[in-house]
Amino acid sequence: MQIPFHKTHTTEEEINAAIEAIRSGWLTMGPKTVEFENSFKEYIGSTEAVSMNSATAALHLALKAIGLQRADEVIVPTTTFVATAEVVTYFDAIPVLCDIEESTHNIDVSKIEALITNKTKAIIPVHFAGQPCDMDEIYEIAKKYDLKIIEDAAHAIPSSYKDINIGNLQKSDITCFSFYATKTLSTGEGGMATTNNPDYAKSMKINRLHGISKDAWDRYTTKGSWYYEIVDNGCKYNTTDINASLGLVQLRKQDMLREKRNNIASKYDVAFKDNKNIIIPFVKEDRVTSWHLYVIKIDNRDEVIEKLKENGVGCSVHFIPIHKHPYYKNKYGYKNEDYPIANDVFDKSLSLPIYPDMNDEEVEYVINKVKEIVG
């Protein structure tokens, strides 16, 4: 049996939506994009939603919206995809790395305060695998030091913290989602920023399209005009109506798709919970995870990956910590010994397949092969 690490959930509904968008004549950002934004903010509960072509773009423009400047510092967990730190460097600002919790792989809030200086501007908590971080504690720290909070929610739709959807937590400034091919809501490439601050939303909307004073697509409708002004030094980060059409279909399925992943996670939990060689994911009681990832911790991780691959089971590792990447280590002088938990978690972490279209036979196959190989 061959089971990939991930397979994007797509049906005729997504295909037909993309075809309809193409036939409409709007190949770039247009009315479907606006519809997607409106539907997304209604689903999340936020007052604003700004679509972009990636979560990286959303994080970049979120930092611009809060006024990040050269030499400012932003605290991020070291266990994350590189984009979380990368966007900070776009401003010639400094990503300050924080170690993580062993149980959740989220940022360790007990270690944040020691990293704060008079140059610290913001904190970017990353909701690892979809499980929300300890946001109340992060809020208290941010309030004490007058810091902004930008949530990296690339994994976290649909996730919730104390019964509030991620993307609508009132004390955060901006939340950024990813719609990449492997994500829980996929448009191939894409992202979204949600906020309850109209000024931040306005800034991001302007800057996703070169700093143009109005949405470019609107200039070509019967209500539009050829005239525009550049009011900021923006970027080319807009999404397209084709992507948005896929997003609208996928958005309607989010609760159903999460339930399918949750069922797979439950089967893994039951199968592995009493195995002394496997540590299963830990989810805190006051939050709901999207189950974007199911990460176990084992010894001899690299050997197990190869043996699973030989048996047709795709798997991955999330993530190589930022402080281990040569560019960041050399440029910012990160020391490996400063992140002992992240190092240990990295050495043992293995992400198993958990895509919604896995059937019972495939799940059972993965379980049996993991048990057979790990012991």
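For this structure, a couple of remarks:
- In region 10-42, residue farthest from Ser160 (Cα to Cα) [restricted to those that are surrounded by fewer than 19 Cβ atoms within 10 Å (Cβ to Cβ), of a type outside the set (A, V, I, L, M) and under 25 Å from the mean Cα position of the chain (by Cα)]: Thr28
- Test for Val317: is it hydrophobic (A, V, I, L, M, F, W, C) and surrounded by fewer than 18 Cβ atoms within 10 Å (Cβ to Cβ): yes
- Taken over region 285-304, the residue count meeting the criterion of being in contact (Cβ under 8 Å) with a residue 24 or more places away in the chain and in a helix (DSSP H, G or I) is 2.
- Single unsatisfied condition, Ile341 versus (1) aliphatic (A, V, I, L, M); (2) touching a His at 6+ places or on another chain (Cβ under 7 Å); (3) open to solvent by 30 Å² or more (accessible area, probe 1.4 Å): (2)
- Condition broken by Ala93, with the remaining ones in (1) touching a residue at least 40 places away in the same chain (Cβ under 8 Å); (2) more than 26 Å from Leu185 (Cα to Cα) satisfied: (1)
- Any chance Ile341 is in contact with a strand residue (DSSP E or B) (Cβ under 7 Å, 6 or more places away or on another chain) and either in a helix (DSSP H, G or I) or modelled with pLDDT of 95 or more (or both): yes
- Residue check for Leu63: in contact with a helix residue (DSSP H, G or I) (Cβ under 7 Å, 6 or more places away or on another chain), over 16 Å from Ala201 (Cα atoms) and open to solvent by less than 10 Å² (accessible area, probe 1.4 Å): no
- A search for C-beta distances below 8 Å between a residue of region 179-198 that is within 13 Å of Pro158 (Cα to Cα) and any residue that is among the small types (Gly, Ala, Ser) and in a strand (DSSP E or B), counting only pairs 6+ apart in sequence or on different chains, returns Phe179/Gly188; Phe179/Gly191.
- Applying the condition of being open to solvent by 10 Å² or more (accessible area, probe 1.4 Å) and not polar (S, T, N, Q) to region 265-277 and asking which residue is nearest to Ser186 (Cα to Cα) yields Lys267.
- Residue in region 211-224 that is among the charged types (D, E, K, R), open to solvent by 30 Å² or more (accessible area, probe 1.4 Å), modelled with pLDDT of 95 or more and over 22 Å from Tyr43 (Cβ atoms) present: no
- Filtering region 35-58 to residues that are within 18 Å of Val249 (Cβ to Cβ) and in contact (Cβ under 8 Å) with a residue 24 or more places away in the chain leaves Glu35, Phe36, Glu37, Ser39, Phe40, Lys41, Tyr43, Ile44, Ala49, Ser51.
- When Glu229 is tested against (1) closer than 30 Å to Ile123 by Cβ; (2) open to solvent by 40 Å² or more (accessible area, probe 1.4 Å), just one condition goes unmet, and that condition is (1).
- The residues listed here are Tyr327, Tyr332; of these, the one that is open to solvent by less than 70 Å² (accessible area, probe 1.4 Å) and at pLDDT 95 or above is Tyr332.
- Test result for Lys297, of a type in the set (Lys, Arg), closer than 20 Å to His155 by Cα and in contact with a helix residue (DSSP H, G or I) (Cβ under 8 Å, 6 or more places away or on another chain): yes
- Hey, Val96 farther than 26 Å from Ile279 by Cβ and surrounded by 19 or more Cβ atoms within 10 Å (Cβ to Cβ) or not: yes
- Every test in (1) assigned to a loop (DSSP other than H, G, I, E, B); (2) in contact with a Lys or Arg (Cβ under 7 Å, 6 or more places away or on another chain) is passed by Phe282 save one, and that test is (2).
The values are calculated or read from the model by the stated rules, or taken from the named source; none is laboratory data. All values reported here derive from a predicted model rather than from experimental measurement. FYI the Cβ positions are ideal-geometry reconstructions off the backbone, even for glycines, and counts take in every protein chain you see. We work out accessible area using only protein heavy atoms, side chains counted, and drop any ligands, DNA or RNA first. Shrake-Rupley method; radii C 1.70, N 1.55, O 1.52, S 1.80 Å.
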